[in-house]
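The block underneath contains the structure these notes are about, expressed in structure tokens.
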Amino acid sequence: FLHPHSIAFKCFLCLFRSFVFKKTSRFYQRRSSKILSLVASFFAAAYVTKWKEFFPQRKLEYAPSFTSKVVTCATPEVLQVYLAWRQQNCHAKNQYETCFWMLVKSGKTISETQEVLKVCCCCFSVTDINDTQKQQKNELLFQKFGINYKTLPELFRQGSCLFKTKVEETVKHDENGNPVKRLRRKAVLVHSENIAARSFWNEHPSLYNDLGYFTKDIGRSEPDFVRSFQFENKLLPLTWVVVRIDGCHFHRFSDVHEFEKPNDEKALKLMNSCAVAVLEEFEDIQFAYGVSDEYSFVLKKESELYKRQSSKIVSPIASLFTSTYVTKWGEFFPQKVLKYPPSFDGRAVCYPTYKILLDYLAWRQVDCHINNQYNTCFWMLVKSGKTKTQSQDYLKGTQAREKNELLSNQFGIEYNSLPLIFRMGSSVFRLKESAAVENGVVSGKKLRLEGEVVVDHCNIIERCFWEEHPHILSYS
Ligand code: GTP
Ligand code: MG
């Protein structure tokens with residue numbers, strides 16, 4: 001890990017997690033949006049997957065989401081200050097919350113408790129907490145509740161620090177019975193009192209080798225100093241923001257889960273269901289269009305969501321989509337085990353005019369059409385006995401008309417009669433008024449109410465769709 005220019009990530013639910021990448025990392029070619037969305041997405045998927053292990057009796061009531069941002073640490077010293085800041089924050093929060101909940105449990109109301117803590121400790125801003133206030137809280141805990149703060153679990157007071165290290169392990173025995181040893185990378189979990197201390201850092205080779213040495217010990221961190229290294233990317237005001245998420249290595253994911261080729265209706269409907277959840281959660285998203293393993297979400301022009309900070313918008317969308325995907329997998333694939341959780345990366349792009357936005361959406365639908373037509377021919381040829389290379393060669397240079405003729409003449413398939421969901425992709429939006437519509441997640445028409453989020457498979461290249469639905473992008 002650490003070296004100058006390491007990147008730290010902050011993901012939080014109400015808990016913070018930072019992931020440090022080494023300065024030489026080429027992960028996603030260092031594109032911040034891809035990295036932060038992927039970390040948040042993967043974290044969300046892992047969280048849902050592992051929930052049962054930790055809460056076997058408790059139902060996960062809703063799919064969680066996480067926001068993340070990048071902090072570029074220019075030198076090992078900045079990383080050291082960053083780590084100290086996070087751990088001091090953990091400590092201050094835990095101390096405050098321990099006092100808070102002990103007072104509440106003892107019978108005080110929430111507002112009374114807040115008042116007591118305000119009087120006793122002035123303020124709950126980590127920046128403002130000084131040693132006297134810490135001492136006051138410790139005394140409050142000891143005198144009122146007989147709690148010695150220092151004896152509370154380290155996990156709560158100090159947080160957790162995970163790093164990779166190399167350990168020698170016996171992998172097998174040779175023919176003479178001698179052990180054959182190999183160096184294996186292993187994750188180590190510690191709850192150290194001070195993760196920014198030289199004594200802790202410089203005694204773990206995997207930390208100082210990858211990330212650099214800490215040359216001196218530091219005291220109280222300066223949050224404003226660390227914040228100045230945060231990478232902020234504000235999206236241009238009054239432009240349409242499109243967040244496009246894309247499944248990571250979905251080629252492999254769909255193979256492992258034996259998706260039907262070229263289109264798996266259930267997998268597409270699962271994607272649609274996740275997009276509906278995202279629209280239901282974020283009111284500012286007015287429209288979404290999905291095809292294959294990607295989804296584009298359009299935020300209204302005037303949106304002030306997360307003050308238009310790109311990372312804060314992209315990460316919860318990608319992570320909510322992912323956690324919903326994992327949560328709902330069993331609904332769409334009751335007979336199939338989810339062998340590993342998927343992850344989605346995301347990026348945000350601003351479109352300055354209505355016309356350019358519609359051009360963008362048309363481009364995605366044209367892409368859907370071209371890919372679907374090609375893939376339908378390709379897999380029909382493969383299923384008919386040709387090898388993949390023969391099928392590719394056969395289709396090289398063919399036009400749309402020729403592909404349609406191939407399907408019709410050789411396989412008796414009329415391309416235009418294939419399901420709309422495959423040919424048109426899926427559009428997700430809110431209904432202007434109640435109507436009986438098929439919603440692209442479950443089959444069959446149903447009465448949907450005004451404002452309800454629905455899925456349709458319409459032609460969004462034609463301007464008439466937008467003229468008939470001016471409310472979707474609130475364009476006048
Ligand atoms: P990256 O996005 O670069 O990580 O690669 P990727 O493997 O996800 O490929 P890409 O996003 O370019 O394309 C999506 C891939 O997902 C397709 O090439 C298919 O292999 C797979 N895929 C998506 N939808 C379906 C489906 O309905 N059925 C099957 N069989 N595969 C699908
Ligand atoms: Mg993909």
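Numbers below:
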{"quantity": "Residue that is nearest to Ala45 (Cα to Cα) [pool: residues in region 355-384 that are among the aromatic types (Phe, Trp, Tyr) and open to solvent by less than 40 Å² (accessible area, probe 1.4 Å)]", "calculated": "Tyr360"}
{"quantity": "Residue that is least open to solvent (accessible area, probe 1.4 Å), among those in region 254-298 that are under 17 Å from Gly451 (Cα atoms) and among the acidic types (Asp, Glu)", "calculated": "Asp284"}
{"quantity": "Residue in region 153-175 that is more than 30 Å from Tyr96 (Cα to Cα), not in a strand (DSSP E or B) and not assigned by the TED database to the domain that holds Gln80 present", "calculated": "yes"}
{"quantity": "Selection count where residues are modelled with pLDDT of 90 or more, among the polar types (S, T, N, Q) and open to solvent by 20 Å² or more (accessible area, probe 1.4 Å), scope region 28-74", "calculated": "5"}
{"quantity": "Verdict on Val454 being surrounded by 18 or more Cβ atoms within 10 Å (Cβ to Cβ), modelled with pLDDT of 90 or more and aliphatic (A, V, I, L, M)", "calculated": "yes"}
{"quantity": "Region 211-230: number of residues that are of a type in the set (A, V, I, L, M, F, W, C) and surrounded by fewer than 14 Cβ atoms within 10 Å (Cβ to Cβ)", "calculated": "1"}
{"quantity": "Residues within region 238-251 that are open to solvent by 30 Å² or more (accessible area, probe 1.4 Å) and near ligand 2 (Cβ under 10 Å from one of its atoms), tallied", "calculated": "3"}
{"quantity": "The one condition in (1) more than 30 Å from Phe163 (Cα to Cα); (2) outside any loop (DSSP other than H, G, I, E, B); (3) within 16 Å of ligand 2 (Cβ to nearest atom) that Asn263 fails to fulfil", "calculated": "(2)"}
{"quantity": "Positions within region 194-210 being surrounded by fewer than 15 Cβ atoms within 10 Å (Cβ to Cβ) and assigned to a helix (DSSP H, G or I), in sequence order", "calculated": "Ser199, Pro205, Asn209"}
{"quantity": "Qualifying residue in region 309-323 (condition: open to solvent by 10 Å² or more (accessible area, probe 1.4 Å), closer than 30 Å to Tyr62 by Cα and not in a helix (DSSP H, G or I))", "calculated": "yes"}
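The values are calculated or read from the model by the stated rules, or taken from the named source; none is laboratory data. Just so we're clear, the structure is a prediction, and the values are computed from it rather than from any experiment. Using ideal geometry, Cβ is built from the backbone for each residue, glycine included, and neighbour counts are taken over all protein chains shown. Calculation scope for accessible area: heavy atoms of the full protein, side chains included, ligands and nucleic acids excluded. Shrake-Rupley method; radii C 1.70, N 1.55, O 1.52, S 1.80 Å.
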